[in-house]
Amino acid sequence: MAQWYESSIDRQLREAQERGEFDNLPGTGKPLPGAGGEYDEDWWIKDWLHREGESACLLPPTLALRREREDLERLVDRMSTEKAVREHVAALNEQIRKARVGLIGGPPTLLPPVDAEQVVQGWRRRRLSQAP
């Protein structure tokens, strides 16, 4: 007669299953996503990007900084006060300064600092044009 061995982990899993702790888990009874499809070795990165959406930044910090500078108008238009706009521009200029001296990782950058007055004037102009 063969001896049956149950490890501590197997015992804990069996007991939890008997208590019903695995019942009603999300996805119970549903097929696994991608089951039956062709294997994609990059499934994990695609799944991560799908879960994280826009917050998943795959750019090196200096390139992300360049993108933030390009999107500056759109970013400041979401802000409700001039003080918030000025603080955002000051923080961006500090990051640009750090990138220019090599304190931020990624390829070197020669981005010039942003003129806070020009950004504030554009913010005011766009707000006035959108006012009812």
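FYI, it's all coordinate maths here, none of it is from the lab. As the structure is a computational prediction, the values presented were derived from the model and not from experiment. Neighbour counts run over all protein chains shown; Cβ positions are idealised from the backbone, glycine included.
Points worth noting:
- Each residue in segment 12-57 was checked for being farther than 30 Å from residue 71 by Cβ and of a type outside the set (Phe, Trp, Tyr), and 28 pass.
- Odd one out for residue 37, checked against (1) surrounded by fewer than 12 Cβ atoms within 10 Å (Cβ to Cβ); (2) within 30 Å of residue 120 (Cβ to Cβ); (3) free of Cβ contacts under 8 Å to residues at least 12 places away in the same chain: (2)
- Qualifying residue in segment 92-114 (condition: surrounded by 13 or more Cβ atoms within 10 Å (Cβ to Cβ), more than 24 Å from the chain's Cα centre (by Cα) and in contact (Cβ under 8 Å) with a residue 12 or more places away in the chain): yes
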